Ligand code: PMP
Ligand code: GLN
């Protein structure tokens, strides 16, 4: 990706448009088709009616920064100064962009592939080289030696997304420690993308890189309200990290958007105060939803990879079709009326990845939507539907 001309329309816009045109259920773009908790929506309304309609302080409302610091202390035993080490951004996306722009300019960034599709654009904007290390199916393991080989004197940061989109991999403590060892040895930063931090299943536990001994000072912990509180349209994200790093990110933020949406920041204070039960219920519901969609896809003839976290399932359709993944995703949307994302969108070499016969489905939907999807898949593949 050498210029913005190489990018084109994002796969999320493309597949959502395909789904709308076909009247299909959108299991492509990752967003819940239900609202976040009523109390936080109500709080946003209160904030809108209470005069929080002008610019917020650039680094975020102080009560939100306090709530963020408190939340991470409580849930991850990580202590950050609310004025110096916490900043609010327009979604995790803007925080990641500001981190790359301020800390990786003209250097190199390493991430695991497949990767969330926006990362290469951030590298391009920063004039940084974007390097990848493969996650190998079916368990999405990586080779530590390959990671070490990818590191050079120009490497500024490893961009680590866990729980991982699109694979659903949750990096284990051992894996995090092996990455941490290299980061310390080569004196590089770790920029984390932890937006799915609360969506983990069974025995899998989300561990932030900042919790690994010796890593807090060289980790920028980035996450957002989008997934945890089912408000992807709010775009309220936050970064936590050492003052010298965060202050550099804040300058980019201040000169790009200045601040994120003021009334929604107020509502996120309320979200961060939700009781432990909220997170328990979130995980329980998503586990049931994962299982429902997993079974429906398996019954329809897909071979699914077991996600450990996030709200995505990767499915291999090679027993169903030998089309490339883009053609298959469009075909499925138009014919079965269930939309998905071709996995090649998350690879640098898209032509090669297209032949892996993999697509991604999102299960952040109501039980009703998922049952309807299951029925449509059943009709398409089990009721002698002819392609
Ligand atoms: N990172 C990953 C891995 C994501 O899947 C998303 C989803 N949109 C984001 C970042 C963006 O988060 P936000 O909505 O907070 O910008
Ligand atoms: N993160 C979401 C996904 O992976 C959607 C992001 C977007 O629409 N830009 O589907």
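Here, each number is a calculation from the coordinates, and none is a lab measurement. Computed from a prediction, not measured in an experiment: that's the story for all the values here. Here the Cβ is made from the backbone with ideal geometry for all residues, glycine too, and neighbour counts use every protein chain on show.
Starting from the Cα gyration tensor of segment 38-127, take the square roots of the eigenvalues, sort them a ≥ b ≥ c, and report rounded, prolate or oblate (rounded when a/c is under 1.5, otherwise prolate if a/b is larger than b/c, else oblate). Can you show the working numbers first?
Details: a/c = 2.07, a/b = 1.72, b/c = 1.21.
Prolate, since a/c reaches 1.5 and a/b exceeds b/c.
Determine, for 3, 323, the number of other Cβ atoms within 10 Å of each Cβ, and report the residues in order from fewest to most.
Working: 3 7, 323 17.
Least crowded to most crowded, the residues run 3, 323.
Return one number: the angle in degrees, 0 to 90 and rounded to the nearest 10, between the long axis of the Cα atoms of helix 367-382 and the longest principal axis of the Cα atoms of the chain.
Its long axis makes an angle of about 40 degrees.
What residue among 266, 235, 154 has the largest mean-square fluctuation in a Gaussian network model of the chain, using Cα springs under 10 Å?
154
Can you give the Kirkwood hydrodynamic radius of segment 38-271 from its Cα pairs, in Å with one decimal? All intermediate terms of the calculation are to be shown ahead of the outcome.
Values: mean 1/r = 0.0559 Å⁻¹.
So the Kirkwood estimate lands at 17.9 Å.
Got a sec? How would 321, 345, 310 order by Cβ neighbour count within 10 Å, fewest to most? Could the numbers behind the result be given before it?
Values: 321 15, 345 23, 310 30.
Lowest to highest Cβ neighbour count: 321, 345, 310.
Starting from the eigenvalues of the Cα gyration tensor, five times each then square-rooted, give me the equivalent ellipsoid semi-axes of segment 1-156, largest first, whole Å.
Values: eigenvalues 201, 130, 63 Å².
Semi-axis lengths for segment 1-156 are 32, 26, 18 Å.
Compute a Gaussian network model of the chain, connecting alpha carbons closer than 10 Å, and tell me which residue from 357, 186, 77 fluctuates the most.
Per the Cα network of the chain with a 10 Å cutoff, 77 tops the list.
I want the antiparallel fraction of DSSP beta bridges within the chain, as a percent rounded to 5.
Of all bridge pairs located within the chain, approximately 50 percent are antiparallel.
Counting other beta carbons within 10 Å of each Cβ, put 234, 331, 140 in order, fewest first.
With the sparsest Cβ surroundings first, the list reads 331, 140, 234.
Please state the shape class of segment 246-387: rounded when a/c is under 1.5, otherwise prolate if a/b exceeds b/c and oblate if not, all from the C-alpha gyration tensor. Don't jump to the answer; show the numbers that get you there.
Values: a/c = 2.70, a/b = 1.57, b/c = 1.71.
Oblate, since a/c reaches 1.5 and b/c is not below a/b.
Using the Kirkwood formula on the Cα atoms of segment 112-219, what hydrodynamic radius do you get, in angstrom to one decimal?
Working: mean 1/r = 0.0700 Å⁻¹.
Across segment 112-219, the inverse of the average 1/r is 14.3 Å.
To the nearest 10 degrees, how steeply does helix 276-299 sit against the main Cα axis of the chain, on a 0 to 90 scale?
30 degrees
Output the 0 to 90 degree angle, nearest 10, between the alpha-carbon long axis of helix 91-103 and the longest principal axis computed from the alpha carbons of the chain.
The two axes meet at around 60 degrees.
I need to check one value: relative contact order of the chain, counting alpha carbon pairs closer than 8 Å and at least 6 residues apart, in percent.
Numbers: 773 pairs, mean separation 94.0, N = 387.
24 percent.
Pick from 314, 191, 41: which residue has the top mean-square fluctuation in a GNM of the chain where Cα pairs under 10 Å get a spring?
Among 314, 191, 41, the largest mean-square fluctuation in the Gaussian network model of the chain belongs to 41.
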